[in-house]
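Quick notes on the structure that follows.
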Amino acid sequence: MTSASGTFLLSFLMLVTGVCIPIMAAWNSRLGSELGSPWAAAFILFVLGSIVCGIAMIFLGLPKHDWFSATPLYYAGGLVVSLYILGITWTAPRIGVANAVFFVLLGQIASAALIDQFGAFGALKSSLTTTRIIGIAFMLVGTFLARRIA
């Protein structure tokens, strides 16, 4: 169980991460426009991200176990994040960063609720209570109200 201060710190970290998502979307969509290729922009993003992760592993320590011993499905996370990066890099210049992020948020809310409900992929199981469903519904309504029609 995480302490209240630990939960606050983790929540704050995710809030900061959430702020970074639309910034990344704006920068990468502009890079894609300037380069004339969302694919090139996504590739550059992944190269730079890989370098940062590599440096972090050097300083924080490499995993001590066999890198290829995990469940094969979980390696597909790289494919999923590639779809996200390519999708938002291609879509944001066409419908706006806010709209692109709002629709990503809708997908995240729905899929996260289902993953938590069923404890899919080994996730912490958290039932969809009435209160939680109402909260998710408010988030969904808020997302639709906040989006700009292009």
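Can you find a residue in the stretch 63-75 that is surrounded by 10 or more Cβ atoms within 10 Å (Cβ to Cβ) and assigned to a helix (DSSP H, G or I)?
At the first step, the residues of the stretch 63-75 found to be surrounded by 10 or more Cβ atoms within 10 Å (Cβ to Cβ) are 70, 74-75.
If we keep only those that are assigned to a helix (DSSP H, G or I) as well, we get 74-75.
For the stretch 63-75, residues surrounded by 10 or more Cβ atoms within 10 Å (Cβ to Cβ) and assigned to a helix (DSSP H, G or I): present.
Of all the residues in the stretch 103-119, those that are over 14 Å from the mean Cα position of the chain (by Cα) and touching a residue at least 24 places away in the same chain (Cβ under 8 Å) number 0.
So that you can scan it fast, the table gives a plain yes or no per residue for (1) in contact (Cβ under 8 Å) with a residue 12 or more places away in the chain; (2) closer than 19 Å to V19 by Cα; (3) touching a strand residue (DSSP E or B) at 6+ places or on another chain (Cβ under 6 Å):
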site	(1), (2), (3)
M57	no, no, no
K64	no, no, no
V80	no, no, no
V101	yes, yes, no
F121	yes, no, no
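Against the numbered list (1) of a type in the set (F, W, Y); (2) farther than 16 Å from M24 by Cβ; (3) surrounded by 15 or more Cβ atoms within 10 Å (Cβ to Cβ), W90 comes up short only at (2). Here V97 fulfils each of the conditions (1) within 19 Å of I109 (Cβ to Cβ); (2) of a type outside the set (S, T, Y); (3) surrounded by fewer than 10 Cβ atoms within 10 Å (Cβ to Cβ) apart from (3).
Note on the stretch 105-150: residues that are closer than 30 Å to T71 by Cβ, of a type in the set (S, T, Y), in contact with a helix residue (DSSP H, G or I) (Cβ under 6 Å, 6 or more places away or on another chain) and in a helix (DSSP H, G or I) total 0. So, of the residues in the stretch 103-150 that are modelled with pLDDT of 90 or more and among the charged types (D, E, K, R), which turns out to be surrounded by the fewest Cβ atoms within 10 Å (Cβ to Cβ)? Checking each candidate, the answer is K125.
The values are calculated or read from the model by the stated rules, or taken from the named source; none is laboratory data. Computed from a prediction, not measured in an experiment: that's the story for all the values here. Counting neighbours? That spans all protein chains shown, and the Cβs are built from the backbone with ideal geometry, glycine included.
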